[in-house]
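> My questions will all concern the structure given below.
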């Protein structure tokens, strides 16, 4: 497939990120998809144009992306919110710098602002988009659903809860639109259906944005930040792996298109870590057996999350098989030998190289001699590809400098991210 023909559906990719966020706890069961479904139904009933629908659906699927810990995510599931601007600002700052996410980020920033008889049209000098108020209503409907009860048993009480807050918490026009779309039993049954993805096909078909290879690279760079910025412990890892994987591919004479695919895979390779609890990610000591077993699931989840996105099949293998080993001893699929493609082998070495050479809060990175010794031993044991290790050894200084520069830039972005969140929260909160 040429770069010209390469296309990836944006909403499938964004839905995959929301899946990862919701998988962290049963409490979050399909929350983002429910909110997307409700928002879409209300906006369609109000006659919103396709462009605004696109932005609203993206915002709905990513609206809690700034809730970086499990505690944050559970807190926002209460109908009466606790400090809601904390996660809305984080989500806004994470997404706002990419043009395709600029308007969704603006929607997310104010999606917990009450209408208050029209005072919610603006906040501290900001014009609040109407989509923010649709998202707020949809979000509160979703968190009101008790998954231990039948949806039709509680539909009337939830509808009354929303109506009682008309012109207070919620825009009255959107409350009226919600009343019209939610009168159907199918609306409530769709929300709790295990096949909600099938019910969302209308959204995917009507809001059809496709990314070319370069656009996908820009989007996955933002996804890499979402993965890494959950914790200072992981804040620069994906950037280092991406840079190392790309330069190894270049040294092995991969095409420009192939090198871009390696970068995309690098940004996505730890997607499954969105599901791993922070206390495991940030543990400075050796993981227990149970903790390591939980950690090992990140590549399994990453593979099946990305498997839902058309066009990512090759990139998914590069990204998700980075803990597979040539001798078949890796995880989670025990893929080895000729079944392990060169892209996956490069990513494996890029991940190991970055892990042993980068500084971490609890230890310094290894110097050249020690790092090469470890890589070559893994090559002799048929764990990693000796041919690729030879490329790294012959170009160690260049590879390590590229890794160091990429991670320095990532560290600066993380520090700026924290400063901007602090400044913005101070202003809005």
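The values are calculated or read from the model by the stated rules, or taken from the named source; none is laboratory data. In this text, all values refer to a predicted model and were calculated from it rather than measured experimentally. Cβ atoms come from the backbone with ideal geometry, glycine included; neighbour counts cover every protein chain shown.
> For the stretch 396-422, which positions are buried (at least 16 other Cβ atoms within 10 Å of the Cβ) and more than 22 Å from the chain's Cα centre (by Cα)?
Correct list: 396, 399, 400, 402, 403, 404.
> Let me ask you something else. Tell me the residue from 99, 131 that is in the same structural domain as residue 35 (by TED's automatic domain parsing), surrounded by fewer than 15 Cβ atoms within 10 Å (Cβ to Cβ) and touching a helix residue (DSSP H, G or I) at 6+ places or on another chain (Cβ under 9 Å), please.
99
> Take the residues of the stretch 377-390 that are in a helix (DSSP H, G or I) and under 32 Å from the mean Cα position of the chain (by Cα): which is surrounded by the fewest Cβ atoms within 10 Å (Cβ to Cβ)?
In this case the residue turns out to be 378.
> Here's another thing I want to ask about it. If you go through the stretch 342-372 one residue at a time, how many are part of a loop (DSSP other than H, G, I, E, B), exposed (fewer than 15 other Cβ atoms within 10 Å of the Cβ) and under 26 Å from the mean Cα position of the chain (by Cα)?
Total meeting the criteria: 2.
> Confirm whether residue 137 is in a loop (DSSP other than H, G, I, E, B) and in contact with a strand residue (DSSP E or B) (Cβ under 8 Å, 6 or more places away or on another chain).
In short, no.
> Hey, another quick one. Sort through 343, 336 and tell me the only one that's out of contact with any helix residue (DSSP H, G or I) (no Cβ under 8 Å at 6 or more places or on another chain) and more than 17 Å from residue 236 (Cα to Cα).
Testing whether each residue is out of contact with any helix residue (DSSP H, G or I) (no Cβ under 8 Å at 6 or more places or on another chain) and more than 17 Å from residue 236 (Cα to Cα) leaves just 336.
> Pick out the one residue from 371, 350 that is assigned by TED's automatic domain parsing to the domain that holds residue 221 and touching a residue at least 40 places away in the same chain (Cβ under 8 Å).
Just a single option satisfies the conditions, and that option is 350.
> Output the residues belonging to the stretch 270-288 that are surrounded by 15 or more Cβ atoms within 10 Å (Cβ to Cβ) and in a helix (DSSP H, G or I).
271, 272, 273, 274, 275, 278, 280, 281
> Among (1) on the phi < 0 side of the Ramachandran plot; (2) modelled with pLDDT under 95, which single condition is residue 124 missing?
(1)
> Is at least one residue of the stretch 201-211 crowded, with 18+ Cβ neighbours inside 10 Å, under 20 Å from the mean Cα position of the chain (by Cα) and either at pLDDT 90 or above or over 24 Å from residue 30 (Cβ atoms) (or both)?
yes
> Would you pick out the residues in the stretch 168-201 that are in contact with a strand residue (DSSP E or B) (Cβ under 6 Å, 6 or more places away or on another chain) and touching a residue at least 40 places away in the same chain (Cβ under 8 Å)?
Matches in the stretch 168-201: 172 only.
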